[in-house]
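A.B. asks: Let me begin by handing over the structure; questions about it come next.
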Amino acid sequence: MIPATITPAPTKPIGETELIWLMALLMALQAFGIDAMLPALDEMALDLGVEGNDRQFVIGIYLLTAGIGALVPGALADRYGRRPVLLTAIVIYILLAVACAMVTTYEQLLAVRAAAGFFAAGIVALPPAIIRDRVGGDKMARMMSLIFVIFLMVPAIAPSIGELILKVGDWRMIFAAMALQGIFIGSWVYFRLPESLAPENRQPIHAATIARNMGTALSERSVIGYVIGSTLVFGALFGFINSSQQLIGDGFGRPDLFPIVFGICAGTMAVASWSNSRIVERFGARRVSHTAMFAFIAVAGLQVVFAFGGEESLWQFVTLMAINMALLGFIGSNFGSIAMNPFFHIAGAASSAHGFVRMTSAAILGAMIGYAFDGTARPLALALLASGIACLLLVLFSEKGRLFTPPQAQQRYPAGMRS
């Protein structure tokens, strides 16, 4: 049972800059646990007797159960507050990271990773709700973009950190590093993060209330296209993450360059998120993200041409993949902010509902794309193009055919919250 309060509460107010860093590093706990594992997949597969594409499941199962688990923390956080639920998730994350380091079979590893994804889902599900408690509209999009800048630095460097850990230990040491990070971030949350849920916005723990709030968060036409649209494009991204180590190592024959290639691609997302934070309040989340969506489709089309056009070089692939990942930096935080903006009073439930749909569906889609790896970039290129086109159609549905402009229902939101 989660207690209603956890002490001590911070005495000095947390500033915007510190809050952004804290939320970003919270979300980065999950990213590190995924991306630092990538250079270790070969060693792990050899140690635990895993064959072929099956090694990808250690990534996919975590993403899938994290999506399923996202249904839980939002409702609890709307009742008990953000702090106790978040701290509980961090403690579980630490304990299960230690458990992963102690397994002796691949089946045990998958079981513990599945539990870790489910029970620690609040680490990723709650930061958007905490930010939404404080701000909305394009300011939320700006703050989420800055959070993604810091958050995306971790995928850029995590494979290199994982490779360094492998030089002094084995793949189990990566999980030990995850636990140490959890202790550091958990202490920061415990001593510095105030409760952001207003007493009047607390929601009862009733199945009907939870179902109604989550249903509301997923039923608005102006929202659902953004939730499912981002699910599809990030599903294609998960497909890249799942198969990237094999694609670079086996497909292009350069396993030595994997950390560099992955860092370049992830780094462009961080640069794009920073750029988005500088322009989104001026141009609006819709105008920026819609433009990026069209560019994403165009670049994905080029990826298909190169993948099917003959002997694609590694650097042709890296260039186009890096550009599309940069465009995702303009799509992800903006789509998420647009989808969250109408739900100030049920931000926890809305964050959980959106996270559930995005993570579970994207994890399944990403696993399918990754498992389709055939030694070339063709399955990934086709997936990127198809997801981009489908995303465009879904956004057109939500916007009733109108793109690049704020919604006519803007008057529902407090003054100054332009989306």
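A.B. asks: So, with a 1.4 angstrom probe, what is the percent of accessible area on the range 295-353 that is carbon and sulfur?
C.D. replies: Working: 1290 of 1780 Å².
The C+S portion of the solvent-accessible surface of the range 295-353 is 73 percent.
A.B. asks: Between rounded, prolate and oblate, where does the range 241-318 land on the alpha carbon gyration tensor, with a ≥ b ≥ c its root eigenvalues, rounded for a/c under 1.5, else prolate if a/b exceeds b/c? Mind showing how you got there, number by number?
C.D. replies: Numbers: a/c = 3.60, a/b = 1.74, b/c = 2.07.
Oblate is the answer for the range 241-318, as a/c is 1.5 or above yet b/c matches or exceeds a/b.
A.B. asks: Would you mind checking which residues have amide H under 5 Å from Ala101's amide H? H placed 1.01 Å from N; only 5 or more apart, or other chain.
C.D. replies: Amide H to amide H, under 5 Å and 5 or more residues apart or across chains, Ala101 pairs with nothing.
A.B. asks: Explain nothing, just compute: Karplus ³J(HN,Hα) = 6.51 cos²θ - 1.76 cosθ + 1.60, θ = phi - 60°, for every residue of the range 44-58 in order, whole Hz, x for Gly and Pro.
C.D. replies: Each residue's phi maps through the Karplus curve to give 5, 4, 5, 5, 9, x, 9, 10, x, 6, 4, 4, 5, 5, 5 Hz.
A.B. asks: Can you tell me the accessible area per residue over the chain, all protein chains present, probe 1.4 angstrom, in square angstrom? Spell out each step's value before the answer.
C.D. replies: Working: 16090 Å² over 419 residues.
Accessible surface, normalised per residue, equals 38 Å².
A.B. asks: Is the range 28-174 rounded, prolate or oblate when judged by the Cα gyration tensor, a ≥ b ≥ c being the square roots of its eigenvalues, rounded requiring a/c under 1.5 and prolate requiring a/b larger than b/c?
C.D. replies: prolate
A.B. asks: Something else now. Report in % the part of the accessible area of the range 191-238 that belongs to carbon and sulfur, leaving out ligands and nucleic acids; probe 1.4 Å.
C.D. replies: Working: 1380 of 2080 Å².
Of the solvent-accessible surface of the range 191-238, carbon and sulfur hold 66 percent.
A.B. asks: What ranking, highest mean first, results for peptides 322-335, 210-223, 90-103 when packing means the other Cβ atoms within 10 Å averaged over each residue?
C.D. replies: Details: 322-335: 25.4, 210-223: 17.6, 90-103: 19.6.
In decreasing order of mean packing, 322-335, 210-223, 90-103 become 322-335, 90-103, 210-223.
A.B. asks: Let me ask something additional. With θ taken as phi - 60° and the coefficients 6.51, -1.76 and 1.60, list the Karplus ³J(HN,Hα) couplings across the range 109-115 in order, rounded to whole Hz; mark glycine and proline as x.
C.D. replies: 3J(HN,Hα) across the range 109-115, in whole Hz: 4, 5, 5, 5, 5, 4, 5.
A.B. asks: What translational diffusion coefficient, in µm²/s and rounded to a whole number, does the Stokes-Einstein relation yield for the range 275-414 at 10 °C and a viscosity of 1.306 mPa s, taking the hydrodynamic radius as the Kirkwood radius over Cα pairs? The partial results should precede the final answer.
C.D. replies: Values: Rh = 16.7 Å.
Translational diffusion coefficient: 95 µm²/s.
A.B. asks: Out of Asp138, Asp250, Asp35, any idea which swings most in a Gaussian network model of the chain, alpha carbons joined below 10 Å?
C.D. replies: Checking each option, the largest mean-square fluctuation is seen for Asp250.
A.B. asks: Carbon and sulfur together cover what percent of the accessible area of the range 84-184 at a 1.4 Å probe radius?
C.D. replies: Values: 2740 of 3600 Å².
Carbon and sulfur together cover 76 percent of it.
A.B. asks: Taking θ as phi - 60°, what are the ³J(HN,Hα) couplings along the range 305-320 by the Karplus curve (6.51, -1.76, 1.60), each to the nearest whole Hz, with x for Gly and Pro?
C.D. replies: Ordered by residue, 3J(HN,Hα) equals 4, 5, 5, 9, x, x, 7, 6, 7, 4, 6, 5, 4, 4, 4, 5 Hz.
A.B. asks: Further question on the same structure: Would you please classify the overall shape of the chain from the alpha carbon gyration tensor, given that a ≥ b ≥ c denote the square roots of the eigenvalues, rounded means a/c under 1.5, and beyond that prolate means a/b larger than b/c while oblate covers the rest? If you can, show how the numbers build up before the last one.
C.D. replies: Details: a/c = 1.77, a/b = 1.16, b/c = 1.53.
Taking the square roots of the gyration eigenvalues as a ≥ b ≥ c, the chain is oblate.
A.B. asks: Moving to a separate point now. Between Leu46 and Glu16, 0.36 nm times their residue separation minus their Cα-Cα distance comes to what?
C.D. replies: Numbers: separation 30, 0.36 × 30 = 10.80 nm, distance 4.57 nm.
Taking 0.36 nm per residue and subtracting the Cα distance, the gain is 6.2 nm.
A.B. asks: Follow-up question, since we're still on this one. Give a quick list of GluC sites (Glu not before Pro) in the range 311-411 that DSSP marks as loop, anything other than H, G, I, E or B, with at most 10 other Cβ atoms within 10 Å.
C.D. replies: Details: sites: Glu311, Glu312, Glu399; in loops: Glu311, Glu312, Glu399.
Of the GluC sites (Glu not before Pro), the ones in loops of the range 311-411 whose Cβ has at most 10 other Cβ atoms within 10 Å are Glu311.
A.B. asks: Limiting things to C-alpha atoms, what are the Rg and the maximum Cα-Cα separation (Dmax) for the range 89-145, in angstroms?
C.D. replies: Calculated on Cα positions, Rg and Dmax stand at 15.9, 48 Å.
A.B. asks: Under a straight-distance cross-link criterion of Cα-Cα below 26 Å, which lysines are reachable from Lys12, leaving out those fewer than 8 residues away in the same chain?
C.D. replies: Output for Lys12: Lys139.
A.B. asks: Straight-line reach from Lys167: which aspartates and glutamates fall under 15 Å, measuring Cα to Cα and dropping same-chain residues less than 8 apart?
C.D. replies: Output for Lys167: Asp42, Glu43, Asp256.
The values are calculated or read from the model by the stated rules, or taken from the named source; none is laboratory data. What you are looking at is a predicted structure, and each value in this text was computed from that prediction instead of being measured. Glycine gets a Cβ as well: all are built from the backbone with ideal geometry, and neighbour counts include every protein chain shown. To get the accessible areas, we keep the full protein, side chains included, count just its heavy atoms, and leave off ligands, DNA and RNA. Shrake-Rupley method; radii C 1.70, N 1.55, O 1.52, S 1.80 Å.
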